[in-house]
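Down below is the structure, laid out as structure tokens.
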Amino acid sequence: MTEFSDIKEEFLRGWASYNPTSAFSAGRREYAGLVPDKRKAVGEAYKEFLKIKLEELKLVNPKNLNSDEKMDYYLLENKIDADLFIINEMKSDSENPLTYTDAAFIFDYLMKAYAPLDQRMRELVVYLNQLSDYYDVAISNLDVEKIDKENASMAISMMKGMIQFFENLEDECKFFETEEEKITKETLEKLTESKGLALAAFNKYLKFIEDNLDNFKASFRLGKQRYSDMLRRIERVDIPIEKILEAGKKNLEHNYSEFIKAATQIDQNRDPMDILDKIKKDHPTAENLVKETQAMLEDIKLFLKKSKFVSVPSEVMPTVIYTPKPFREWAFAAMDSPGALEKRATESYYYVTPPNEKWTKEEQEEWLQMFNYNELIDISVHEVFPGHYLHHLHNQRSSSVMAKLFGAYHFWEGYALYVEEAMYQDGFHKDDPKYRMMQLIETLIRNVRLVCSIRFHTEENFNVEEATQLFMDKCFMGKKPSESEAKRGTYDWGYLNYALGKLMIEKLKEDYKKEKGSNYSELEFHDNLLSFGAPPIPILRKFMLENDSGEIL
């Protein structure tokens, strides 16, 4: 019988070979310059590889493994099953044009200083030269009759954005030059040539989608069975959808009530929307945005240490900077931590996007209002301390490559949402109703996402208009951002995971407290929670609880 450690190592090598861009982003820089091979025959070979690894895995009895190996076993089993589901049931390579847009995102070559700038640009040239063949394969793979307009429309939007970015690629790359590091003339000339090839490939792919838009007749809806299978096989959530929806609605109404309560504390005679408008007017200037955000992080970290909410395993702070120009089209405020396996480009950055200098004063003011002090604090809790960045710090301490690489969507995002509420309950800005309102707005948006996601995919008549109205009614959002949130539910079938993950962590915490009794410690719970990486919560319960009832909500 093959040893478990051998199965794991063979899987990791096979996974990286078939997914070189994912391996590269994770920090395996030996995969620089490689584009995924999406030919059908290669896909079939990878599928057979996954089936064989799963068969080998089933011959291993996890009871004979130690605790760390057992967690790796379950993570590997989940990853293989999830990949097989995406290949066999979601059929992304043949039915979803969005599958092929990721290849256009080349930001790692620009923003991650894993090697000298000129070397990264030479590797980028090699990568771009392969995109003509890549998109030819994409076009041949896609089955027009099985594509839905919603995913196709999003693919069009993303490709148009990347085409616009690529038109000035040389300038975007030169943005990263310093006094010490320059791109050579020879490399720039090659970059210009390869850029032309890439743009031709992008435009060809875009034309294919646009020309066939009226022929895309499939439904974006997964249907109740496939949606249930998606949750079970990717997230390991194996409970009736009705129960998830019921829990989501209940939490939505609770948070809505808490929001109204906070607004009433400020002024019981004013409309909450008016109160929100006033809160939003209190924000940093564009010039002070970076400085004031950095100071916020220090304050939040200090609270964590004093409150003993969770351990801070490193004094290294992320650097707050304006979002690099190539990324501003896609980011408002975002944490950019190193890849899980990164050994070279180990710097962490917290991006905040300033208003465009070409906008009118009114447009710049509207943008800065999204950085109002109370919302910026909450976003920083989510993105940095004790959210994504602190999670990254704990994850880096893990000795398990499986734990570092293959976390669950619902854990990564659910944890970051969970800490927003948990920090407040632990005393963070507890007596500030303005902060409470902005913190709850972020949670309400995720609550409504859960409801819309389930209804979109399990109800034939639930539509974007109804979803838009729900965001407007429950999240106090304008029509345009509400419509954008609603449309996301038609192509991101996993965007329920923010709220779902938060609810599952809260249930785990409740059960953990009951077991520990008077010995319960908030610090110990959070440190224990983060010590496992980001596994599916249903799996994690088996490791954190002495007696897991299986009740995840």
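The values are calculated or read from the model by the stated rules, or taken from the named source; none is laboratory data. Computed from a predicted model, the values in this text were never measured in an experiment. So basically every Cβ, Gly included, is an ideal-geometry build from the backbone, and we count neighbours across all protein chains shown.
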- prompt: Can you name the residue in the stretch 152-177 that is of a type in the set (Gly, Ala, Ser) and free of Cβ contacts under 8 Å to residues at least 60 places away in the same chain and, of all such residues, is surrounded by the fewest Cβ atoms within 10 Å (Cβ to Cβ)?
  reply: Ser157
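Would you call Thr323 surrounded by 14 or more Cβ atoms within 10 Å (Cβ to Cβ) and among the polar types (S, T, N, Q)? Walk me through how you get there before you give the answer.
Values: surrounded by 14 or more Cβ atoms within 10 Å (Cβ to Cβ): yes; among the polar types (S, T, N, Q): yes.
So Thr323 passes the test.
For residues that are surrounded by fewer than 21 Cβ atoms within 10 Å (Cβ to Cβ) and not charged (D, E, K, R), scanning just the stretch 442-469, find the one that is nearest to the chain's Cα centre (by Cα). Reasoning before the result, please.
Of all residues in the stretch 442-469, those surrounded by fewer than 21 Cβ atoms within 10 Å (Cβ to Cβ) come to 442, 445, 455, 458-466, 469.
If we keep only those that are not charged (D, E, K, R) as well, we get 445, 458, 461-464, 469.
Working: Ile445: 16, Thr458: 24, Asn461: 28, Phe462: 25, Asn463: 25, Val464: 23, Gln469: 25 Å.
Across the stretch 442-469, the extreme among qualifying residues is Ile445.
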- prompt: Taking the stretch 312-327, which residues are touching a residue at least 60 places away in the same chain (Cβ under 8 Å), part of a loop (DSSP other than H, G, I, E, B) and within 20 Å of the chain's Cα centre (by Cα)?
  reply: Pro318, Pro324
- request: Tell me which residues, restricted to the stretch 13-48, are surrounded by fewer than 18 Cβ atoms within 10 Å (Cβ to Cβ) and over 21 Å from Leu131 (Cβ atoms).
  value: Arg13, Gly14, Glu44, Ala45, Lys47, Glu48
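Identify all residues within the stretch 341-353 that are part of a loop (DSSP other than H, G, I, E, B), touching a residue at least 60 places away in the same chain (Cβ under 8 Å) and surrounded by 18 or more Cβ atoms within 10 Å (Cβ to Cβ); write none if there are none. Give the derivation first.
At the first step, the residues of the stretch 341-353 found to be part of a loop (DSSP other than H, G, I, E, B) are 341-348, 353.
Next cut, touching a residue at least 60 places away in the same chain (Cβ under 8 Å) only: 341-345, 347.
The one that is part of a loop (DSSP other than H, G, I, E, B), touching a residue at least 60 places away in the same chain (Cβ under 8 Å) and surrounded by 18 or more Cβ atoms within 10 Å (Cβ to Cβ): Glu342.
Is it the case that some residue within the stretch 65-74 is on the phi < 0 side of the Ramachandran plot, surrounded by 19 or more Cβ atoms within 10 Å (Cβ to Cβ) and without any contact (Cβ under 8 Å) to a residue 40 or more places away in the chain?
As a first pass, look at the stretch 65-74 and keep what is on the phi < 0 side of the Ramachandran plot: 65-74.
Filter again for surrounded by 19 or more Cβ atoms within 10 Å (Cβ to Cβ), leaving 71-74.
Then keep just the ones that are without any contact (Cβ under 8 Å) to a residue 40 or more places away in the chain; that gives none.
No; the residues of the stretch 65-74 include none that is on the phi < 0 side of the Ramachandran plot, surrounded by 19 or more Cβ atoms within 10 Å (Cβ to Cβ) and without any contact (Cβ under 8 Å) to a residue 40 or more places away in the chain.
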message: With the requirement that a residue be charged (D, E, K, R), buried (at least 17 other Cβ atoms within 10 Å of the Cβ) and touching a Ser or Thr at 6+ places or on another chain (Cβ under 9 Å), what does the stretch 471-486 give you?
response: Glu483, Glu485
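Report yes if Trp367 is closer than 30 Å to Glu177 by Cα and part of a helix (DSSP H, G or I), otherwise no. It would help to see each step written out before you state the result.
On the way: closer than 30 Å to Glu177 by Cα: yes; part of a helix (DSSP H, G or I): yes.
So Trp367 fits the description; yes.
So is Lys8 touching a residue at least 60 places away in the same chain (Cβ under 8 Å), buried (at least 18 other Cβ atoms within 10 Å of the Cβ) and assigned to a loop (DSSP other than H, G, I, E, B) or not?
no
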Search result, residues across the stretch 122-165 that are of a type outside the set (Phe, Trp, Tyr), part of a helix (DSSP H, G or I) and more than 23 Å from Tyr491 (Cβ to Cβ): Arg122, Glu123, Leu124, Val125, Val126, Leu128, Ser132, Asp133, Asp136
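Can you tell which of His429, His392 is in a loop (DSSP other than H, G, I, E, B) and either at pLDDT 95 or above or touching a helix residue (DSSP H, G or I) at 6+ places or on another chain (Cβ under 6 Å) (or both)?
Details: His392 fails: in a loop (DSSP other than H, G, I, E, B).
From the options His429, His392, the qualifying one is His429.
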statement: Filter the stretch 77-123 for residues that are under 19 Å from the mean Cα position of the chain (by Cα) and among the basic types (Lys, Arg); the one that is farthest from Arg29 (Cα to Cα) is Lys79
task: Go through the residues of the stretch 141-151 one by one and say whether even a single one is surrounded by fewer than 20 Cβ atoms within 10 Å (Cβ to Cβ) and either free of Cβ contacts under 8 Å to residues at least 12 places away in the same chain or not assigned by TED's automatic domain parsing to the domain that holds Ser92 (or both).
output: no
query: For the stretch 414-424, does any single residue satisfy the condition of being more than 25 Å from Phe471 (Cα to Cα) and surrounded by fewer than 23 Cβ atoms within 10 Å (Cβ to Cβ)?
result: no
- request: Determine whether Ser194 is more than 25 Å from Gly489 (Cα to Cα), assigned to a helix (DSSP H, G or I) and free of Cβ contacts under 8 Å to residues at least 12 places away in the same chain.
  value: no
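Can you tell me how many residues within the stretch 370-383 are outside any helix (DSSP H, G or I), modelled with pLDDT of 95 or more and not aromatic (Phe, Trp, Tyr)?
Initially, the stretch 370-383 is screened for residues outside any helix (DSSP H, G or I), giving 370-372.
After this cut, where a residue has to be modelled with pLDDT of 95 or more as well, the list is 371-372.
Subset that is not aromatic (Phe, Trp, Tyr): 372.
Within the stretch 370-383, residues that are outside any helix (DSSP H, G or I), modelled with pLDDT of 95 or more and not aromatic (Phe, Trp, Tyr) number 1.
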query: Inside the stretch 30-110, counting only helices (runs of 4 or more DSSP H) that do not spill past its ends, which hold 1 or more residues that are touching a Lys or Arg at 6+ places or on another chain (Cβ under 8 Å)?
result: 67-85, 92-95
- prompt: Being touching a Pro at 6+ places or on another chain (Cβ under 7 Å) and surrounded by 24 or more Cβ atoms within 10 Å (Cβ to Cβ), is that true of even one residue in the stretch 363-382?
  reply: no
- request: Would you mind telling me which numbered condition in (1) more than 20 Å from Phe105 (Cα to Cα); (2) hydroxyl-bearing (Ser, Thr, Tyr); (3) modelled with pLDDT of 95 or more Ser399 fails?
  value: (3)
